[in-house]
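The values are calculated or read from the model by the stated rules, or taken from the named source; none is laboratory data. Just so you know, these numbers come straight off a predicted model, no measurement behind them. Quick reminder, even Gly has a Cβ in these numbers, built from the backbone with ideal geometry, and neighbours come from all protein chains shown.
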């Protein structure tokens with residue numbers, strides 16, 4: 001999991017781009033990409049919610065927050081955050 005976060009951050013910093021696994025880098029449909037990111041979102045959300053840092057991790061100034069915003073814009077999907085306590 002930590003390696004995945006590192007790859008996401010590195011892709012954002014180097015290319016202003018979002019990480020994709022090798023099998024989705026070429027010839028993936030928009031629907032396949034949406035499905036992938038929605039699946040990743042549920043995993044990421046569970047992890048950061050358990051740690052109690054979901055709003056910090058996905059703040060727009062942090063790499064994961066930038067990733068979230070970019071994915072929502074590109075693929076026209078909603079990656080909701082839980083309400084603040």
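Within the stretch 11-22, can you find the residues that are closer than 20 Å to residue 48 by Cβ, at pLDDT 70 or above and exposed (fewer than 13 other Cβ atoms within 10 Å of the Cβ)?
none
What number of residues within the stretch 23-42 are within 13 Å of the chain's Cα centre (by Cα) and either in contact (Cβ under 8 Å) with a residue 40 or more places away in the chain or surrounded by 12 or more Cβ atoms within 10 Å (Cβ to Cβ) (or both)?
Counting residues in the stretch 23-42 that are within 13 Å of the chain's Cα centre (by Cα) and either in contact (Cβ under 8 Å) with a residue 40 or more places away in the chain or surrounded by 12 or more Cβ atoms within 10 Å (Cβ to Cβ) (or both) gives 8.
Tell me, which residue of the stretch 71-85 that is assigned to a helix (DSSP H, G or I) and touching a residue at least 24 places away in the same chain (Cβ under 8 Å) is surrounded by the most Cβ atoms within 10 Å (Cβ to Cβ)?
71
Please find, within the stretch 58-70, the residue that is farthest from the chain's Cα centre (by Cα) out of those that are surrounded by 18 or more Cβ atoms within 10 Å (Cβ to Cβ) and at pLDDT 90 or above.
58
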